[in-house]
Structures are given as structure tokens and as C-alpha cells.
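**Student:** Pasting in a structure now, in C-alpha cells, and then I'll have a few things to ask.
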Amino acid sequence: MPETTHPESRARRSLVTGGAGFIGSHLSERLLARGDRVTVIDNLSTGRTRNLPDHPRLRFIEADLHEALHALGPGEVFDEIYHLAAAVGVGLVMKDPVAAIRTNIEQTIALLEFAAGRSAPGAASCGIPTLIASSSEVYGKSAKSPYSEGDDVTYGPTTVSRWSYAYSKGIDEYLALSYGIQRGLPVVIARFFNTVGPRQVGDYGMVLPRFVEAALGGKPLRVHGEGRQSRCFCDIADVVDALPKLMTNPACRGGVFNVGSDRSISIRELAELVIRLTGSGSSIELVPYSEAYPPGFEDLADRRPDLRKIRGAIGFEPRKSLENTIRDVAGWLSTSGKVDQGHRL
Ligand code: NAD
């Protein structure tokens, strides 16, 4: 990626929490490419150091976020913070709900306290401008489609742990907006829909890498239910393009924005597409929800973002086709050692 230098005399200093993860590592690369000095804090619970480039302007701190923030001296200042560290996805949350809920809420409080308590020298605003990663899960099980940022939401009962991820991300949003109102912290919230691309792993149920890995290994693609449920997949390159724009546009401050693609595909069609594009001989296996998840699990028929708000704010338009993303993911998985038997594309 070509490097462009920030027009100011010194490089912008950006902090990326969860920067060794899927979205965070791509974002860190994007920020390095525009000339930033990037600090990544990550405890490597789901992230990997090999996701990060070896770059003279990148500093990596391996630690739990709250500990790392506590250890940063008063002279450590940042111009922007991207908060991506989280226990990600419903699968991980259902495996260890206490740890996941605590991670998502406690780390966010620590981060917002840090951001509100410091300012970049010469900055007009109070606190460090902060982007908080949220999720389309916040929409709960609303039957309305597409989902707009101002919609009412409906969640399942607290006795079903699947919804705790949605609640925890919703609390993160409340926290960020409240720090904005009460402490004047410049915040913006990005509600990610399914983001896909190289470096995403299928270990916690992310569907696309799971399908591509199975197809490349000649194993059946396990589709939950009948596969009629649909989702919208947005390439990581489009997503990381949007985040610095949301951060720097003053009109986005205090706002919540859907970030994703609005092109739907059913999970059955996705499986067929993956098999076709990888030239795999794999079959599709329909797995009842009762086998795939603990009792009480509810899946959503459709999850599509209304993109009018982000289009109006920063001219966001997803550009990369799902076909090209699948090819990228297959190319990455073939060389990352995650697939046992090599499969030529
Ligand atoms: P990821 O698991 O690859 O990244 C999360 C990173 O946070 C990992 O590197 C992990 O090691 C780190 N982390 C977790 N707990 C930490 C802690 N206590 N201290 C320091 N680091 C910690 O997942 P991702 O897909 O890159 O997700 C990034 C963000 O985007 C998350 O906030 C997630 O909720 C949100 N999100 C992602 C998607 C998606 O489709 N990928 C969808 C909705 C929301």
C-alpha cells in the first residue's frame, strides 16, 4: 500500500485496541499507510501477532487493555483512539459468558476513562476522539429490515445467554454516548454488520472462514437449519476505509452508524458460492439448530443494514464484491497453515 504523509508537521498518533485481531490489524495497516504512529494494545486472546506488520511506526503492547492503559505514562498522548478489543461473537460469549460480558463492559469503561482524562496537546476538544466498535447484534431480534440506527430493539430474555453479547455491546454504546454528553468526549459508534476478509478465523463460528476452510479441506459445509437465513457481508477493505472518515468528520461526533454491506445472500447460497469459487468437491450438510447450539438459541431470518446515514455522512459505498472477498479468504487460508490439504484455486 503506498504511504502518504499526514500534512501536519508531526505524524498522527493513533491507538488501536484489539489491533492484533481481524479488523484491528487491517485498520492498523491502513493508519500506518497514511503516515500515523500506531500503538496496538491486545492481549492475544483471539488476536495474533502475525496479523501485524513489522513496521517502524508500529508499537505493540501485549496486555489486557485496562492494565496497559494504567501503565501508560502521563506523557503518552494520542490523537485518535479506535476501540476494537472485545470478546467477539455469539459463539465465544455462549462458551464463557461471564468473561465475555466483563471484557466488553469493563474494558470499555477503562478505555473511556482514559480517553476522557487526556487530550492531545493543542486539541480543541476535551478528551481524545474515540471510535467504539459495536455490532449489528444490538438490533436484537427485530423483524424489521433493513435495520436503521434509530430503530427500537427487541431482545430475548436474560436467561438465554446468546443475547448477552447484544446487551454488552448496547451498554458500550450507552457508555460512549454518556461520556460524550457528560464529559464532552468526542465519540462515534460504528455498528459493524458481518465483516469478512483474510485473517478472520472460523474458530468462534464466523461463517465465511468456516465455509472456505471446509471447502478447501474437502469437508462438508455445515449449514445451520435450512440455510434460508440471510446476511450481508462487507469486505474488510471497505470497512477500514470508513473508520478514519467517521473519526475525522466532526458531523459524526456523538453519532451511531451502521457499517456494512446491504447486499443480502442466504447462508445456503453462500455455501454454494464458496464451493463453486474454490472448485471444491465438498457437500452441504444441513445441521438442525438444536445440534449446532444450546437450547434456546434463536437465529435471525435476515440482518441487513440501512446505509443511508453513513452514505450521507461520509459517502460510504461498499465496493468489493463478495466473490473477490471469498477468493482472498481462500488464498489467505491456503497459505496460513489453517487448511490441512492444499486445494488449488
Ligand atoms: P477479533 O477477535 O479478531 O478482534 C478482537 C481483538 O480484541 C482480538 O485481537 C483480541 O485478542 C483482543 N482482545 C480481547 N479482549 C481483550 C482485552 N481484554 N485486552 C486487550 N485486547 C483484547 O474480532 P474482530 O472481528 O476483529 O472484531 C473487532 C471489533 O469489531 C469487536 O469489538 C467486535 O465486537 C466488533 N464486531 C466485529 C464484527 C465482524 O464481523 N468481524 C461484527 C460486529 C462487531
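The values are calculated or read from the model by the stated rules, or taken from the named source; none is laboratory data. Every value quoted in this text rests on a predicted model; they were computed, and no experiment measured them. FYI the Cβ positions are ideal-geometry reconstructions off the backbone, even for glycines, and counts take in every protein chain you see. Remember, those area values only see protein heavy atoms, side chains included, never the ligands or the DNA or RNA. Shrake-Rupley method; radii C 1.70, N 1.55, O 1.52, S 1.80 Å.
**Student:** Run down Ser119, Ser142, Ser164 and say which single residue is more than 22 Å from Ala242 (Cβ to Cβ) and in contact with a Pro (Cβ under 7 Å, 6 or more places away or on another chain).
**Tutor:** Being more than 22 Å from Ala242 (Cβ to Cβ) and in contact with a Pro (Cβ under 7 Å, 6 or more places away or on another chain) holds for just one of Ser119, Ser142, Ser164, which is Ser164.
**Student:** Now for a different question. Please find, within region 178-209, the residue that is least open to solvent (accessible area, probe 1.4 Å) out of those that are at positive phi and within 16 Å of the ligand (Cβ to nearest atom).
**Tutor:** By that ranking, first place goes to Gly197.
**Student:** Something else: Tell me the residue from Leu112, Leu131 that is assigned to a helix (DSSP H, G or I), at pLDDT 95 or above and in contact with a strand residue (DSSP E or B) (Cβ under 8 Å, 6 or more places away or on another chain), please.
**Tutor:** Exactly one residue qualifies, and that residue is Leu112.
**Student:** Also: If Lys245 meets every condition in (1) part of a helix (DSSP H, G or I); (2) open to solvent by 50 Å² or more (accessible area, probe 1.4 Å); (3) more than 16 Å from Ile310 (Cα to Cα) apart from one, which number is that one?
**Tutor:** Failing condition for Lys245: (3).
**Student:** Can you tell which of Val160, Val212, Val138 is more than 13 Å from the ligand (Cβ to nearest atom), at pLDDT 95 or above and among the β-branched types (Val, Ile, Thr)?
**Tutor:** On the way: Val160 fails: at pLDDT 95 or above; Val138 fails: more than 13 Å from the ligand (Cβ to nearest atom).
It is Val212.
Residues checked against (1) away from the ligand (no atom under 16 Å from the Cβ); (2) open to solvent by 20 Å² or more (accessible area, probe 1.4 Å); (3) of a type in the set (Asp, Glu):
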position: Leu52; (1), (2), (3): no, yes, no
position: Leu69; (1), (2), (3): no, no, no
position: Lys95; (1), (2), (3): no, yes, no
position: Thr103; (1), (2), (3): no, yes, no
position: Gly117; (1), (2), (3): yes, yes, no
position: Gly127; (1), (2), (3): yes, no, no
position: Thr130; (1), (2), (3): no, no, no
position: Ala133; (1), (2), (3): no, no, no
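**Student:** Output the qualifying pairs, or none if there are none: Cβ atoms under 6 angstrom, residues six or more apart or on different chains, first residue in region 161-188 and part of a loop (DSSP other than H, G, I, E, B), second residue among the charged types (D, E, K, R).
**Tutor:** Pro186/Arg253
**Student:** Condition first: more than 19 Å from the chain's Cα centre (by Cα) and either farther than 26 Å from Cys126 by Cα or not hydrophobic (A, V, I, L, M, F, W, C) (or both). Now tell me which residues in region 61-94 satisfy that.
**Tutor:** Selection gives Glu62, Ala63, His66, Glu67, His70, Gly73, Pro74, Gly75, Glu76, Asp79.
**Student:** Answer yes or no as to whether Leu32 is more than 11 Å from the ligand (Cβ to nearest atom) and either basic (Lys, Arg) or surrounded by 21 or more Cβ atoms within 10 Å (Cβ to Cβ) (or both).
**Tutor:** yes
**Student:** Next question, about the same structure. Of (1) closer than 30 Å to Pro250 by Cβ; (2) assigned to a loop (DSSP other than H, G, I, E, B); (3) in contact (Cβ under 8 Å) with a residue 60 or more places away in the chain, Pro74 satisfies all except one. Which?
**Tutor:** Unmet condition: (3).
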